[in-house]
Amino acid sequence: MRRPLLLLCTLLALAACGSPRRADVASPRNVPALTVTSSNFSDHKPVDWDGRPPTAYAVHGVDISRYQQWIDWPTARANGVNIAFIKATEGGDMVDPMFQTHWRGAAEAGVLPGAYHFYYHCRPAIEQARWFIRHVPRVKGALPPVLDMEWTPFSPTCPQRPDPAEVRRNAAIFMNALTEHYGQVPILYTTPDFYEANEMWRVSGQEFWLRSTARHPQDRYADQHWTFWQYTGTGDVPGIVGKVDVNVFAGNPAAWRDWAGRRLQ
């Protein structure tokens, strides 16, 4: 995958006995006072949208990883980055080297941060859940954790495609473990081909974050309800160098404040 909101940068020096030091992250405060800044984005590869375009939505944000090496967060925030999903872990042995830096920068600028895990189909789901939990502490005011599940056809070590029932079972194992630990049901991110091949609509009780870069999600995912829509991977956002994934929240600012009031950790 691949605000003004006041913040208190409380560094959590959390460590587990005999394990690497866990992430030090800033903890947002004054969560009810959510302020939406309007997006001032463009696209390196613009799309002529049919139906309702992304610009019809008020709450925009980005998802980032180590590929975004430097971000001017105050500039990004002022230009419409309200939320940032940040890659934290992958599989059962990889931590994104920019996770702490991106989280701290986003939180200090008033951008609501959330962490996501990139799923590896060749490792047990519970091991991956424990790896994420080990490196992403519970922080008040953070977005719910995200499970990013998609195919990895270019992986040199794991091009496998388990059968749909196994995929959905593994998703449930991972998400149940995170729900128990964080007290929040994770958001499930996926792509059109993965969603169809694995009948992900059969994963019940889930909020979806859907990728669709040429058509509105209702045209790619039938009647699937979604909370976040990733509408481009080539966004041009002030304060962020290069191309970046850009997303929108499904509702208006009032709906956003209501959702955030219920779903922020």
Could you please find all residues in segment 212-227 being surrounded by 16 or more Cβ atoms within 10 Å (Cβ to Cβ) and over 16 Å from Pro53 (Cβ atoms)? Tyr221, Thr227
All conditions in (1) of a type in the set (Lys, Arg); (2) closer than 28 Å to Phe249 by Cβ; (3) at pLDDT below 95 are true of Arg77 except (3)
Of Arg257, Arg262, Arg169, Arg215, the only residue that is among the basic types (Lys, Arg) and in a loop (DSSP other than H, G, I, E, B) is Arg215
Enumeration of residues in segment 44-71 that are farther than 14 Å from Val248 by Cα and within 20 Å of the chain's Cα centre (by Cα): Ile64, Ser65, Arg66, Tyr67, Gln68, Gln69, Trp70, Ile71
Of the numbered conditions (1) part of a strand (DSSP E or B); (2) of a type outside the set (Val, Ile, Thr); (3) touching a helix residue (DSSP H, G or I) at 6+ places or on another chain (Cβ under 7 Å), Gly233 satisfies every one except a single condition; which is it? (3)
Among the candidates Ile126, Ile71, residue that is within 22 Å of Tyr182 (Cα to Cα) and among the hydrophobic types (A, V, I, L, M, F, W, C): Ile126
Tell me, please, whether a residue that is among the charged types (D, E, K, R) and either modelled with pLDDT under 95 or in contact with a strand residue (DSSP E or B) (Cβ under 6 Å, 6 or more places away or on another chain) (or both) can be found in segment 190-199. no
State all residues of segment 110-135 that are surrounded by fewer than 24 Cβ atoms within 10 Å (Cβ to Cβ) and either on the phi > 0 side of the Ramachandran plot or in a helix (DSSP H, G or I) (or both); if no residue qualifies, say none. Gly110, Ala125, Ile126, Glu127, Arg130, Trp131, Ile133, Arg134, His135
List every residue pair whose Cβ atoms sit under 9 Å apart, with the two residues 6 or more apart in sequence or on different chains, where the first one lies in segment 85-113 and is aromatic (Phe, Trp, Tyr) and modelled with pLDDT under 95 and the second, anywhere, is surrounded by 24 or more Cβ atoms within 10 Å (Cβ to Cβ) and in a helix (DSSP H, G or I). none
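The values are calculated or read from the model by the stated rules, or taken from the named source; none is laboratory data. On a predicted model such as this, the values are computed, not experimentally measured, just so you know. With ideal geometry, Cβ positions are generated from the backbone for all residues, glycine too; neighbour counts draw on all protein chains shown.
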